[in-house]
Structure formats: C-alpha cells, structure tokens
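*Asks:* The structure's right below; bear with me while I get my questions together.
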Amino acid sequence: MATAEKAEILDRITELGERAAAGTPVEIVEIELKGSGKARLLRVYIDKPGGVTHGDCELISERLGKLLDEGDVIPGDSYTLEVSSPGLERRLTRPRDFERVLGQNVKVVLREPLEGQNRWEGKLEQVADDAIELAVPGGNRLRIPLTQLQKANLKFEW
C-alpha cells in the first residue's frame, strides 16, 4: 500500500473513530494500521479521564467496527480490529497529549542534544507555543520545542 493511500485510509479511520466516540468521554489518541492481506491489524488506542475500562474498549470496538464495515474503509476482505488503552507509559506526540499529563513525569528523547544530553526525564510543568517545559533534577527547567522531540512518553511512577 502506497504511503499516500495509507495516510488517506488512516485519516478516514480517525474520522470514523471520532464519530464512534461521539457522546462518550472517550478520546481516540492513536491509530495504527499494520500488515497486509489476512494479517492486516488495525490498532486503536483510546483514553478518557479516570482511565479506560474494558467496557469502553468494547463500545468503541463495536461502534467503529460497524462504521468501518459500512464504509468499506479498509481495502481487502479481512482485518483484525484491536481497541485498547495506550498504557501506563503511553507515547506523547501532540500538544493535547502533553496537556493531558501536565504535572506528571515524562521522559523524552531529543533529535539534537540540549545541554549535552539527548535524553531527559522530569516533571511536565507547561505546554505552550508548541513547546514543553520540564522541571528536571537539580532544580533546572528546560524549554523544549515539540519539533525537537524524537520520542516522548509518560513516566509511570510507583
């Protein structure tokens, strides 16, 4: 499948995911489409305040599955749909992902070193102007543009 075609399909799935979640507190946070033929896998990650339940996954799976089948969105005759929580150390990519975890610890990997380091962990203090601000050990605060993030995850604390 060509990249442009896959992007178009993912956009359509995202739109249908938003429709499936309408009227619920559930938010679609990430969609992955992998494989081909009978091995095609559509993985949809959802979240909501207070955490995701098995019932939330079932509801979105049922609603989204119906919309996908009605619209014949995914080429080919079969795919597996998985709906789940993004997990305790979920990936953070969009500003709203960071806004959701303000005040919590995150770990980031940068495209270019900042103060001699590519990897940082700290408390997420602010999200504004396409950048995040971390309070890092030693009392320092780092302002990191979102474009400099190679990877970012919520850091689960026991």
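The values are calculated or read from the model by the stated rules, or taken from the named source; none is laboratory data. This structure is a prediction, so every number in the text was calculated from the model and none was measured. Cβ placement follows ideal geometry from the backbone for every residue including glycine, while neighbour counts extend to all protein chains displayed.
Each row is one residue, and each column tells you yes or no for (1) without any contact (Cβ under 8 Å) to a residue 12 or more places away in the chain; (2) closer than 19 Å to L149 by Cβ; (3) not aliphatic (A, V, I, L, M); (4) not assigned by TED's automatic domain parsing to the domain that holds L146.
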position: I9; (1), (2), (3), (4): no, no, no, yes
position: L16; (1), (2), (3), (4): no, no, no, yes
position: E27; (1), (2), (3), (4): no, no, yes, yes
position: L59; (1), (2), (3), (4): no, no, no, yes
position: L64; (1), (2), (3), (4): no, no, no, yes
position: I74; (1), (2), (3), (4): no, no, no, yes
position: G103; (1), (2), (3), (4): no, yes, yes, no
position: V106; (1), (2), (3), (4): no, yes, no, no
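*Asks:* Among the residues in region 103-116, are any out of contact with any strand residue (DSSP E or B) (no Cβ under 8 Å at 6 or more places or on another chain) and aliphatic (A, V, I, L, M)?
*Replies:* no
*Asks:* Further question on the same structure: Can you find a residue that is charged (D, E, K, R) and within 18 Å of D97 (Cβ to Cβ) anywhere in region 31-44?
*Replies:* There is at least one residue in region 31-44 that is charged (D, E, K, R) and within 18 Å of D97 (Cβ to Cβ).
*Asks:* Counting only residues that are outside any helix (DSSP H, G or I), modelled with pLDDT under 90, closer than 24 Å to G23 by Cα and of a type outside the set (D, E, K, R), how many does region 52-94 have?
*Replies:* 3
*Asks:* Among the residues of region 16-30 satisfying the criterion of being closer than 22 Å to E99 by Cα and among the charged types (D, E, K, R), which is farthest from the chain's Cα centre (by Cα)?
*Replies:* Per the stated criteria, the residue is E18.
*Asks:* To continue, here is another question. Scan region 137-158 for residues that are within 14 Å of Q104 (Cβ to Cβ) and either β-branched (V, I, T) or free of Cβ contacts under 8 Å to residues at least 40 places away in the same chain (or both) and report the count.
*Replies:* Result for region 137-158: 1.
*Asks:* Restricting to region 29-39, what's the tally of residues that are surrounded by 18 or more Cβ atoms within 10 Å (Cβ to Cβ) and in a loop (DSSP other than H, G, I, E, B)?
*Replies:* 0
*Asks:* Only one residue in T53, T93 is surrounded by 12 or more Cβ atoms within 10 Å (Cβ to Cβ), within 30 Å of P145 (Cα to Cα) and β-branched (V, I, T), so which one is that?
*Replies:* Sole residue among the options that is surrounded by 12 or more Cβ atoms within 10 Å (Cβ to Cβ), within 30 Å of P145 (Cα to Cα) and β-branched (V, I, T): T93.
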